[in-house]
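Some notes on the structure that comes next.
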Amino acid sequence: MEIIGLGIETSCDETAVALVANGMRLLANPIFRQVAIHEPYGGVIPEKASRAHLEKLPYLLQDAFSQKEAQKISYVAVTHRPGLTGSLLVGYNTALALSWYLGIDIITINHLEAHLYAPLLSGQKPSYPFLGLLLSGGNTALYYVKDLGQLSVIADTQDDACGEALDKAASLLGLPYPGGPQMEKKALSFMEKNKTAMGEEEHLCRQNPLSEILVKSKKKPIFSFSGLKTSLYYYLQKNPNPDIEALAYFFLQRVTEHVLRVVDYYTQIYPLGTLVFAGGVAANSYLRYHLQKLCKLKKIELIVPPPAFCTDNAAMVAALGYLYYQRGLKPSSSRVFPDSGLSEPEGIYVAKEVSSA
């Protein structure tokens, strides 16, 4: 018998609801993307985001509940951290009301952990333990995933997140919001004009005017992107009429080079057979290609969700919720909105504190 789960995601600027069967089969996935709301401001405005969640969430739920399978919902999984406080509260309180009204379990899900399980939606289930690379607009880290809910940070970012750096670089180059996809588009256009295929870019890389990222903490590499952003800023100060496509490529090339260097280092320390690459930046085809090339060289299986499930979505929340429901576990209620605030120690929620469902 299939177990149907309802997922709710409102951590930032995506209002999303999903119905998922057995953690893998997608039944409904209505999403309201708030790009048009925040585009005039060049970034997410928390108050506008939470108001949009309040307005759109009932309609998305109505869409999901129109599916016949919705009558068999066994649990509701909802993102409860990390994210924007007001936005999270909209989703959590909605899930709490549904849990009470329908008499079903509520499973609170960490947004970062959910990203690492997004590949479930395309039938890819990583075996424990595995490494998880999460690159998004708000988070950048490499994790050692021992088991469900048991994650530890191997390498974090000391400043900007990867997606944040791409967005800021796009802003410096005068590209519209959101900047990450625009950077990729311009970079690929530059390669096409120079008749250069991926993997055949050595002659272009030698022309890169931006500083190489070499950052270490206690002799171990960590992620850092602010220096590269500064390098771009000073280059633009000296070159007021730059080739935007070229700079988009050079910036993306430096970002990719840095990510590969960090991953290469830690895959030697943690010689595991699988690397899961997730988060919004995982939709970037240039970075995906070069990471795949590195993993193939090191004989590591690279698991990446389809681009549609790289960005924030409720399907990954429902999928992870299924794993907790299947084991009869759920994150302890004491972990929900503690007095200490919504931010996680070291940017990650370790969900091994569980209580019976």
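The values are calculated or read from the model by the stated rules, or taken from the named source; none is laboratory data. Keep in mind the model is a prediction, meaning the values are calculated, not measured. All Cβ positions, even for glycine, are placed from backbone atoms using ideal geometry, and neighbour counts span all protein chains on display.
Just to be sure I understand, how many residues within segment 1-40 are in contact (Cβ under 8 Å) with a residue 24 or more places away in the chain, over 18 Å from K72 (Cα atoms) and more than 18 Å from the chain's Cα centre (by Cα)? Matching residues across segment 1-40 total 4. Here L214 qualifies as free of Cβ contacts under 8 Å to residues at least 12 places away in the same chain and either closer than 24 Å to G279 by Cα or touching a Cys at 6+ places or on another chain (Cβ under 8 Å) (or both). When residues in segment 284-297 are screened for being without any contact (Cβ under 8 Å) to a residue 40 or more places away in the chain and either among the acidic types (D, E) or in contact with a helix residue (DSSP H, G or I) (Cβ under 6 Å, 6 or more places away or on another chain) (or both), 1 of them pass.
Considering each of L260, L247, L272 in turn, give the residue that is surrounded by 19 or more Cβ atoms within 10 Å (Cβ to Cβ) and of a type outside the set (D, E, K, R). The conditions single out L247. Among the residues of segment 220-251, write down those that are touching a residue at least 12 places away in the same chain (Cβ under 8 Å), in a helix (DSSP H, G or I) and more than 14 Å from L166 (Cα to Cα). Selection gives Y235, L236, A246. Report whether or not D63 is over 22 Å from S136 (Cα atoms) and of a type in the set (D, E). Spelling it out, D63 is indeed over 22 Å from S136 (Cα atoms) and of a type in the set (D, E).
If you check T196 against the conditions, is it free of Cβ contacts under 8 Å to residues at least 40 places away in the same chain and touching a His at 6+ places or on another chain (Cβ under 9 Å)? When the stated conditions are applied, T196 passes them. Within the set S50, S66, S74, the sole residue that is surrounded by fewer than 18 Cβ atoms within 10 Å (Cβ to Cβ), modelled with pLDDT of 90 or more and more than 28 Å from R327 (Cβ to Cβ) turns out to be S66.
Scan segment 67-117 for residues that are in contact with a Phe, Trp or Tyr (Cβ under 7 Å, 6 or more places away or on another chain), part of a strand (DSSP E or B) and closer than 23 Å to A282 by Cα and the total you get is 4.
Table: residues versus (1) within 25 Å of E301 (Cβ to Cβ); (2) of a type in the set (V, I, T).
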position: Q207; (1), (2): no, no
position: P221; (1), (2): yes, no
position: F225; (1), (2): no, no
position: Y233; (1), (2): no, no
position: P240; (1), (2): no, no
position: A248; (1), (2): no, no
position: R254; (1), (2): no, no
position: V259; (1), (2): yes, yes
position: V276; (1), (2): yes, yes
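Residues that are of a type in the set (A, V, I, L, M) and within 16 Å of T274 (Cα to Cα) within segment 142-178 comprise L142, V145, L148, L151, I154, listed in sequence order. For T274, the criteria (1) farther than 30 Å from L61 by Cα; (2) under 14 Å from the mean Cα position of the chain (by Cα) hold in every case but one, which is (2).
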